[in-house]
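Enquirer: I have a structure here, written as structure tokens, and I will follow up with some questions on it.
The values are calculated or read from the model by the stated rules, or taken from the named source; none is laboratory data. For clarity, every value in this text was computed on a predicted model and none was experimentally measured. Ideal geometry is used to build each Cβ from the backbone, glycine not excepted, and the neighbour counts take in all protein chains shown. To get the accessible areas, we keep the full protein, side chains included, count just its heavy atoms, and leave off ligands, DNA and RNA. Shrake-Rupley method; radii C 1.70, N 1.55, O 1.52, S 1.80 Å.
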Amino acid sequence: QVSLVESGGGLVQYGGSLRLSCEISGDDSFSISDMRWWRQAPGEEREWVAALTHGNTVIYGDFARGRFAISADTSKKAFYLQMNSLKPEDTAVYFCNVDVSREGIIRGSVWGQGTQVTVSS
């Protein structure tokens, strides 16, 4: 079993920055494949933010491109979301998510519990 714990959320003013972290722990027999960040604002659907694929390709949602940056430790025991130029519309609960594999086959998708980001105007 693999588990994820997010941290780094909080209250920030318009134009400020936050760095979210996602710590990965658990069964080392699983490998970490794609890593993603998602967010969900009150009353809204969960929205994809950014991904770092197992091939080290970085992809961003339109609203995140140029402001947010996803990265990971080389150990793949943690990954991050640097968020700059934050806006009130970025207010949401942010979730990290990974696909786990074993013997080259994706075995499942794991989610963290979420961390609240609030941007004041």
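Enquirer: What's the number of the condition Arg19 fails, among (1) at pLDDT 95 or above; (2) within 14 Å of Ala78 (Cα to Cα); (3) buried (at least 17 other Cβ atoms within 10 Å of the Cβ)?
Expert: Answer for Arg19: the failing condition is (3).
Enquirer: So if I check each of Ala69, Ala64, which one is without any contact (Cβ under 8 Å) to a residue 60 or more places away in the chain and either in a strand (DSSP E or B) or among the β-branched types (Val, Ile, Thr) (or both)?
Expert: Ala69
Enquirer: Another question about this same structure. Just wondering, is there one or more residues in region 94-103 that are modelled with pLDDT of 95 or more and farther than 20 Å from Glu23 by Cα?
Expert: No; the residues of region 94-103 include none that is modelled with pLDDT of 95 or more and farther than 20 Å from Glu23 by Cα.
Enquirer: Is there a residue being closer than 20 Å to Val110 by Cα, assigned to a loop (DSSP other than H, G, I, E, B), of a type outside the set (Asp, Glu) and free of Cβ contacts under 8 Å to residues at least 12 places away in the same chain anywhere in region 6-26?
Expert: no
Enquirer: Separate question: Scan (1) farther than 23 Å from Val119 by Cβ; (2) in contact with a Leu (Cβ under 6 Å, 6 or more places away or on another chain) for the single condition Ser75 breaks and write down its number.
Expert: Going through the list (1) farther than 23 Å from Val119 by Cβ; (2) in contact with a Leu (Cβ under 6 Å, 6 or more places away or on another chain), Ser75 breaks only (2).
Enquirer: When you check Ser29 against the structure, is it in contact (Cβ under 8 Å) with a residue 60 or more places away in the chain and more than 21 Å from Leu4 (Cα to Cα), yes or no?
Expert: In short, no.
Enquirer: Tell me, which residue of region 80-113 that is assigned to a loop (DSSP other than H, G, I, E, B) and more than 14 Å from Phe63 (Cα to Cα) is most open to solvent (accessible area, probe 1.4 Å)?
Expert: Glu103
Enquirer: For region 27-59, which residues satisfy the criterion of being open to solvent by 60 Å² or more (accessible area, probe 1.4 Å), assigned to a strand (DSSP E or B) and polar (S, T, N, Q)?
Expert: Ser31, Gln40
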